[in-house]
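The values are calculated or read from the model by the stated rules, or taken from the named source; none is laboratory data. Because the structure is predicted, anything quoted here is derived from the model rather than measured. Cβ placement follows ideal geometry from the backbone for every residue including glycine, while neighbour counts extend to all protein chains displayed.
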Ligand code: SF4
């Protein structure tokens, strides 16, 4: 839920979601439309569909539990290197490195070289202190977010400046050329993503004809663009069309 989404918007949705679906079993048994109704407002609804499909796989293959194994987690829909390791480190205290954009930036600067995704992951996995996985990963992410920041790193007060090769050698910042470091987000206002969100929100209340859907999106004069957005939601299996009426997927 918190991927690309501010945490203060996530908290009430997370709490409502967990109340409604306290375990993978309840989540898997509910129709997708029930999940999407709670998800409404968080954006990126494919995450919601992936979560639903992951819950179904947990019920089918993992005795309705979240697996505590890296490969099994990675095989679930919507789970990548970051989420799998975050689950392992924070729920299971497994010694793996959780690599987000902040962590990649810190590692690249300390090593003074741009890091590819695989290399950053390998380094992160190998430097977790024994028995301190939860704490270490929290510290790494917070350190990148508050001290070794993207634009104005606080090198003077940095507690690890003595070990930082970028600080010692100078030169170009190796972080921007590293994999997975933040790129500016595309403008939301007027975007297709905004139009998709408007339509998904309206469909929580009732089904809509295509004509009404286009009006909801504010695209009644842009039929081609509106149809493409509707098609993208159909392809993503977030909505269905029954007898000319669009509705949330079940
Ligand atoms: S010395 Fe500066 S660049 Fe190096 S880790 Fe500390 S804050 Fe980041």
- Message: Quick test of your reading of the structure: residue 88 fulfils all but one of (1) surrounded by fewer than 21 Cβ atoms within 10 Å (Cβ to Cβ); (2) modelled with pLDDT of 95 or more; (3) more than 17 Å from residue 20 (Cα to Cα). Name the failing condition by number.
- Response: (1)
- Query: Out of all the residues in segment 221-232, is one or more at pLDDT below 95, more than 14 Å from residue 192 (Cα to Cα) and outside any helix (DSSP H, G or I)?
  - Reply: yes
- Task: Give segment 76-124 a look and list any residue that's without any contact (Cβ under 8 Å) to a residue 12 or more places away in the chain and not in a helix (DSSP H, G or I), or say none.
- Result: 80
- Message: Go through segment 150-159 and report how many residues are within 8 Å of the ligand (Cβ to nearest atom) and surrounded by 13 or more Cβ atoms within 10 Å (Cβ to Cβ).
- Response: 3
- Please work out which residue is nearest to the chain's Cα centre (by Cα), limiting yourself to segment 160-183 and to residues that are away from the ligand (no atom under 12 Å from the Cβ) and surrounded by 14 or more Cβ atoms within 10 Å (Cβ to Cβ). 180
